[in-house]
Amino acid sequence: MARVVIVSNRVPLPSKGAKAGGLTVALKDVFKQGALWLGWSGELAAETATSAKIHATGKLDFATIDLSEQDYRRFYVGFANSVLWPLLHFQPGLLEFDREDFEGYLSVNRAYAKALAELLRPDDLIWVHDYHLIPLAEALRALGVKNRIGFFLHVPFVPASVFSILPSAEWLLRMMLAYDVVGFQARQHLHDFEDCLRNFLNIARQSGEPIWFEGRPVIVDTFPIGIDSRAFARQAKKAAGSIAGHRLFESIAGRSFMIGVDRLDYSKGLPNRFEAFGYLLDRFPEHRMHVTYLQIAARSREDVTEYQRLKHELDRLSGEINGRYADFDWQPLRYMTRAVSRANLAGFHRQARVGLVTPLRDGMNLVAKEYVAAQDPEDPGVLVLSRLAGAAEDLTEAIIINPYDPEEITEAMHAALIMPLDERKDRHEKLFEKICRTTAASYCRDFLNALAGTATSTGMPTSQ
Ligand code: GDG
């Protein structure tokens with residue numbers, strides 16, 4: 001099997017300790033047979049590097065480049081997270097386009113391409129992740145790289161009517177078609193991408209067929225990301241008996257317990273969720289004093305203004321809810337912006353009667369799967385899930401809600417809190433079976449098989 005080369009914005013360097021983030025979690029344990037992973041080091045330097053530093057670990061080698069502060073601002077804070085992220089999450093009102101940021105996005109992609117081209121072997125399979133690096137394939141081709149290159153988008157896609165808001169929209173689509181394989185999380189995202197292809201490039205795709213673009217086939221398909229559910233279930237069982245698990249259990253003091261775990265991000269629908277919790281205590285007085293909601297919202301992208309604004313809003317809302325409903329011996333909402341260890345998270349999920357996953361848009365949402373995996377099958381909790389998360393295409397036995405309607409979330413919280421054991425078990429069994437079908441490993445295998453099976457850029461079919 002050819003060597004796999006992964007490229008993503010950040011690399012999970014073991015020396016730095018893994019940070020919260022979907023990609024890190026999904027890929028971590030998969031490449032045991034040797035692979036190379038290139039990305040930003042997380043460090044700022046006087047200039048953006050075009051040669052990588054190698055960190056050999058034996059199984060999986062890492063290669064990192066530093067970014068200049070200006071490039072970090074333009075590429076990462078600017079175009080990637082203040083234009084593409086809000087656009088692809090249907091928040092065009094939050095988009096802040098700036099031509100210099102766009103230039104920075106291009107030049108950082110070129111720097112990645114140069115650093116990568118030096119490290120490549122002829123039969124490497126290159127797998128590029130996410131919206132930060134859309135122009136990378138084109139930049140690699142410009143340097144003469146002939147390897148097969150695949151792209152996976154972790155976030156949603158938007159229909160042409162929304163995509164057209166982006167300056168250089170058509171150019172970005174062409175950049176996506178420079179890959180040999182383009183993968184999405186969910187059918188809806190693929191459908192929206194096809195809408196863009198039709199509208200901008202007049203390309204109509206026959207279902208199941210590759211797209212032909214400039215004389216080359218481009219495979220476009222869905223590759224829903226998964227987790228290692230059974231391992232997470234074991235971790236949850238073990239962690240519930242840990243010191244932290246015990247402390248949590250004692251502090252809940254027999255009340256019902258609801259949990260939310262999200263990066264502190266406006267796409268995750270946290271203000272509406274907080275508001276919904278306020279309504280729950282308003283409209284269903286029987287839950288007052290009897291329910292505790294823990295929201296873990298690890299701080300994220302703190303250099304982006306919109307994230308600072310969101311944090312202030314949540315600080316205010318949580319203070320208001322607690323001020324209004326708390327009693328001297330009961331705090332209804334526990335809100336923390338520090339990250340928690342993965343083992344503790346697993347144990348906390350297991351203790352929660354309700355898991356709240358209410359993003360306004362989400363590529364997949366791994367927390368939904370982790371919550372289900374962590375449950376005790378004999379006394380499982382209930383997942384409340386946004387219909388606008390990719391995960392909702394499959395996890396239909398959750399209580400599915402519209403995250404824009406806080407009262408619908410309230411009703412779902414209430415229904416989940418009072419749901420009888422039989423129904424909880426029934427739903428959980430089906431959900432657990434579903435989340436075991438797609439694992440982190442099967443996701444990687446499916447994508448890489450699609451990539452390995454494609455013709456090379458010279459048009460020759462490949463032997464595996
Ligand atoms: C992107 C897409 C897609 C969260 N807080 C802590 C913590 N986490 C972990 C969760 C989960 C991961 O981070 C977050 O993954 P999500 O999928 O929920 O969301 P994004 O970070 O937005 O990820 C998303 C994903 O990529 C994968 O393709 O599903 O749609 O937006 O695993 O558990 N982990 C720890 N402490 C925390 O405080 N240890």
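Scan the stretch 333-383 for residues that are assigned to a loop (DSSP other than H, G, I, E, B), within 13 Å of the ligand (Cβ to nearest atom) and touching a helix residue (DSSP H, G or I) at 6+ places or on another chain (Cβ under 6 Å) and the total you get is 7.
Among residues of the stretch 256-308 being β-branched (Val, Ile, Thr) and at pLDDT 95 or above, the one that is nearest to the chain's Cα centre (by Cα) is 261. Within the stretch 431-446, being part of a loop (DSSP other than H, G, I, E, B) and at pLDDT 90 or above holds for one residue alone: 438. Considering each residue of the stretch 10-28 in turn, at least one proves to be within 13 Å of the ligand (Cβ to nearest atom) and either at pLDDT 90 or above or part of a strand (DSSP E or B) (or both). If you go through the stretch 200-236 and keep only what is hydroxyl-bearing (Ser, Thr, Tyr) and either part of a helix (DSSP H, G or I) or in the same structural domain as residue 395 (by the TED database) (or both), you end up with just 229.
The values are calculated or read from the model by the stated rules, or taken from the named source; none is laboratory data. In this text the structure is predicted, and so the values were computed from the model without any measurement. Glycine also receives a Cβ, built like all others from the backbone with ideal geometry; neighbour counts cover every protein chain displayed.
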